[in-house]
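J.: I'd like to ask some things about the structure below.
The values are calculated or read from the model by the stated rules, or taken from the named source; none is laboratory data. Bear in mind that the values here come from a model prediction, so they are computed numbers and not experimental data. Heads up, the Cβs are rebuilt from the backbone with ideal geometry, glycines too, and the neighbour counts pull from every protein chain shown.
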Amino acid sequence: MAWPLIRTTAKHRSPGSHLKPARLPFHPRRHPMYDETYDRLIAEHYDGTYDELRTPSGDAAFYARLAARTGGPALELGCGTGRVLLPIAATGVECVGLDASPAMLDVLRSKNPPANLTLHQSTFESFSLDRRFALITCPFRCFQHLATVEAQLSCLASVRAHLAPGGLFAFDVFDPDLARMAVSSEPETLDATFSDGEDQIQRFASVIRHNATQTQEVTFRYERRRNGTVIDSTDTSITMRWFYRFELEHLLTLAGFELEALYSDFNEREYDGSGEFVVVAS
């Protein structure tokens with residue numbers, strides 16, 4: 001398969017020559033990427049929500065193809081409940097999953113993962129595993145939870161330090177629609193419905209944008225309905241940073257990466273300014 005589509009001209013730096021990953025203690029309840037309510041709610045409803053919303057995109061199959069190509073070992077940042085990672089581990093590739101959420105990892109462990117999958121609770125803004133990987137992935141827009149350039153570069157430095165020679169780093173973020181980003185807020189709308197036993201779960205989402213910081217606060221409201229009656233309703237919010245194409249390319253170059261491929265979707269369609277940013281770097 002021919003991977004290179006769009007390449008930078010920056011020279012490939014040796015790992016750690018430009019930025020060294022900070023090794024800071026992880027205190028989840030003080031960390032900006034961690035919120036207890038978000039943690040519990042998202043873990044509880046994650047599979048039901050994203051089996052409907054994300055599986056049709058083909059992202060899990062894309063990352064599995066990369067893992068097969070590189071042969072492993074593979075590290076996933078923000079592995080969650082294992083939606084993307086478990087299918088890779090099932091092929092026999094040695095896998096490591098990293099996530100800040102204890103509740104997410106508990107759900108993953110409840111699925112009886114294979115022995116070739118190891119899990120670690122940690123933020124991916126800065127991490128140290130004392131080993132290298134042929135493939136490091138950060139699926140489903142997890143990189144967008146890093147709201148500052150400092151945090152983004154810290155993460156990229158950690159990734160560089162953990163890549164084996166010739167290894168690949170792959171991730172995806174949404175490609176911002178300029179007209180949509182110009183709208184400061186979006187009212188609450190229903191965006192997912194799924195069953196949980198005898199109950200129906202509905203998720204509603206609303207958005208507030210801050211163009212000065214290129215961030216948006218997304219508030220999710222989960223309603224549990226039984227026989228048509230709401231018996232529980234809980235809100236939680238996340239903050240996401242959006243990127244523009246050349247900002248993202250510059251960030252990667254600054255961190256010492258070379259862009260190998262940029263796609264608009266998980267079927268490896270050459271980037272055309274629509275859909276997603278699906279990035280493969282080395």
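J.: Which residue out of Leu53, Leu129, Leu117 is touching a strand residue (DSSP E or B) at 6+ places or on another chain (Cβ under 8 Å), surrounded by 18 or more Cβ atoms within 10 Å (Cβ to Cβ) and of a type outside the set (Asp, Glu)?
T.: Result of the check over Leu53, Leu129, Leu117: Leu117.
J.: Report whether or not Ser233 is loosely packed, with under 14 Cβ neighbours inside 10 Å, outside the structural domain of Gly48 (by TED's automatic domain parsing), in a strand (DSSP E or B) and in contact with a strand residue (DSSP E or B) (Cβ under 6 Å, 6 or more places away or on another chain).
T.: So Ser233 fits the description; yes.
J.: Within the range 119-132, count every residue that is in contact with a His (Cβ under 6 Å, 6 or more places away or on another chain) and within 17 Å of Leu86 (Cα to Cα).
T.: Of the residues in the range 119-132, 0 are in contact with a His (Cβ under 6 Å, 6 or more places away or on another chain) and within 17 Å of Leu86 (Cα to Cα).
J.: Looking at this structure, is Arg224 surrounded by 15 or more Cβ atoms within 10 Å (Cβ to Cβ), among the basic types (Lys, Arg) and either out of contact with any Ser or Thr (no Cβ under 7 Å at 6 or more places or on another chain) or part of a loop (DSSP other than H, G, I, E, B) (or both)?
T.: Answer is yes for this residue.
J.: Any idea which residue in the range 47-101 is farthest from Phe204 (Cα to Cα), counting only those that are of a type in the set (Lys, Arg) and not in a helix (DSSP H, G or I)?
T.: Among them, the one singled out is Arg83.
J.: Taking Thr193, is it assigned to a strand (DSSP E or B) and modelled with pLDDT under 95?
T.: yes
J.: So which of Arg160, Arg203 ends up being under 26 Å from Val279 (Cβ atoms) and either touching a strand residue (DSSP E or B) at 6+ places or on another chain (Cβ under 9 Å) or surrounded by 16 or more Cβ atoms within 10 Å (Cβ to Cβ) (or both)?
T.: When all the criteria are applied, what remains is Arg160.
J.: Here is a check on your reading of the model: is Asp272 outside any strand (DSSP E or B), more than 21 Å from the chain's Cα centre (by Cα), among the charged types (D, E, K, R) and surrounded by fewer than 19 Cβ atoms within 10 Å (Cβ to Cβ)?
T.: Here the answer is yes, as Asp272 does meet what is asked.
J.: What are the pairs, 6+ residues apart or on separate chains, where a residue within the range 98-109 that is closer than 21 Å to His162 by Cα has its Cβ under 7 Å from a residue that is modelled with pLDDT under 95 and hydroxyl-bearing (Ser, Thr, Tyr)?
T.: Pairs that qualify, where the first residue is closer than 21 Å to His162 by Cα and the partner is modelled with pLDDT under 95 and hydroxyl-bearing (Ser, Thr, Tyr), are Ala100/Tyr34.
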